[in-house]
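The values are calculated or read from the model by the stated rules, or taken from the named source; none is laboratory data. The structure displayed is predicted, hence computed values, not measured ones. Glycine gets a Cβ as well: all are built from the backbone with ideal geometry, and neighbour counts include every protein chain shown. SASA here: full protein model, heavy atoms, side chains in, ligands and nucleic acids out. Shrake-Rupley method; radii C 1.70, N 1.55, O 1.52, S 1.80 Å.
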Amino acid sequence: MSRTERTLLDGVRAHPRVALAITATATAALTLGAVGAYSRLNRKHRRRELERDVKDSIELLDSRVSTGSGLGSVSMSSSSIINGPYDSAASLALSSAPEASPFDESLVREHLARNYAFFGDEGMQKVRGSTVVVVGCGGVGSWAAVMLARSGVGTLRLIDFDYVSLSSLNRHASALAEDVGIPKVQSLARTLRAITRAVDVQPHVALWKADEDGFKLLDGADWVVDAIDNIGTKVDMLRECSKRGIKVFASMGAGAKSDPTRVQIADIAQTTYDPLARAVRRRLKMGVPSVTDGIPVVYSTEVPDPALGLLPLAEDEHAKGAVHELAPLDEFRVRILPVFGPLPAIFGLHIATYIISDLAGRPVVNPLPVRHRKKLYDKGLKDLVVRETRMRGETEGVRIPISEDDCAFLMEDLHRGRSCVPPFNVPARPVFVRWDPCQQLSLKNVVLMEKEDADRHEKTVLAKWKGKLVVEGGIVQSKGATSVGTLLRHSSSTDSTDSFVDARSTPATPASSVLGRTAPLTREPEPVAESAESRAALELAWGPETVALMDRRGKEVDEMLRWAL
């Protein structure tokens, strides 16, 4: 032993506390090292067990398929599932299952009895003979596919490259805990075939691309459901469908949303408050060919809570290198948005409803692009007061028998958010204006126009009667009164279908009883004899078709009011 070592040993013996500290430190270091080594070995062991379990599950599935008890032949090897689902086209398809004994037609008719009652034989024949391609079978696409199958769609082609994970279970329509690790289309196909044998399910484990293979997957489609959450692929899909004349319905962003009352269907050109829709719209417009409209979408006007942003990445993920290089595929997202499970389901059911109605020949015509526009109604009412004051030759604001609820009824329920002037576009600056100068101001005599059209209407039609407009004979809305618009909108939103039928077949009830109020109801003015001169001016300005349309709208108001009372 060297002199230095002897000196250290003598020092330790002379100071027992130092010896104790050294011993404790050494013991802690050995313990930590042992725990770390055990953890590494344990993780490695669990990975091997998981891989073995997955292989065993796949072998069991293969054996079930070979005996005819499984879902169908799977054109993928076990190694392709373990080592990479994104490899080549050889691992991108699940063939359709062998046909089980089909339902008897009487059983199919019983299954679809309510749909036959709604659409009729001819409509359901179209639905059952249709082919719908669902691209993206996650939270949105899976719910759309389930309802399409339940509603009698004849052929469903399912396309998705992704696999079920534990995080999928909060929103996927068919995934079970035991499905974790299998393709989403396989899980969905099993559920659809369990629901009905009348649907031909064609699952494909594939990443849709704008190439020859991708185009073949769209062949024969009556409708395509775009439930893709990657913006590049989504734009390629929409552009290709538009170019080929294939009907496509796109889902916009359901992430970080929670208000089901803000979910809307509209043309992509009319979407608001949706960043994904805005980005898709811009890319479609800039590309070749340029696409600006003609694609119905489901989206939400909800402005998400700023706190619900992209989920952060763990520090160990940042340590791996550039964040954009961590995506499983080029241009795919790395970070994700929080998703509240019911919202993707609502999006998917909107899609299925729209497509089934169209296939059956009863399309949803001119869906409301936006709702809950209180500020817009208030602005429209104030502008109408200003115009009426000016045209009556008054200097101060006049009182008119139109309320904010009346404006909401006029915009959403009567004119459905569109200008009364052909081609009935959604106005960028909507304005309410009196229609016929020789009729009293009422719900039947107020129309919705683009501001430029309203200004033109005022100059070419109303100006001839400036200072001589037919007014309401002193009829104004008293304080606390229930407006006609309030009555109509409240009645339509609170009464069931059965009460709607009963209301038309029973004696009229006072409006205050319908709403449970005692306040007086604003009285709808009695019609004034029509002026041939004013009608001629209207036809000259807007054409006889538009004038006839306004006549029909007036009759609709009368019918709605009779029902509400």
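Values as computed for the structure displayed
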{"quantity": "Residue 428/residue 34 FRET efficiency (R0 60 Å; Cβ-Cβ; nearest 0.05)", "calculated": "0.25"}
{"quantity": "Computed accessible area, residue 272, all protein chains, 1.4 angstrom probe, square angstrom", "calculated": "50"}
{"quantity": "Förster-model FRET efficiency, 51 Å R0, residue 7 and residue 180, C-beta, rounded to 0.05", "calculated": "0.20"}
{"quantity": "Förster radius 51 Å - calculated FRET efficiency between residue 396 and residue 118 (Cβ-Cβ, nearest 0.05)", "calculated": "0.40"}
{"quantity": "Where 339, 291, 386 fall by accessible area, highest first, once all protein chains stay in place (1.4 Å)", "calculated": "386, 339, 291"}
{"quantity": "Two-site label geometry, residue 539 and residue 166: point separation in nm, points 7 Å out along Cα→Cβ", "calculated": "7.4"}
{"quantity": "Peptide ranges 253-262, 137-146, 406-415, 354-363 listed from the most packed, as the mean C-beta count within 10 angstrom indicates", "calculated": "137-146, 406-415, 354-363, 253-262"}
{"quantity": "Sequence of 249, 119 when ordered by accessible area, the most exposed leading, probe 1.4 angstrom", "calculated": "119, 249"}
{"quantity": "Nearby lysines by direct alpha-carbon distance to residue 209 (threshold 28 angstrom, same-chain neighbours under 8 apart not counted)", "calculated": "184, 234, 243, 247, 285"}
{"quantity": "Virtual spin-label span in nm between residue 374 and residue 456, 7 Å along Cα→Cβ", "calculated": "3.5"}
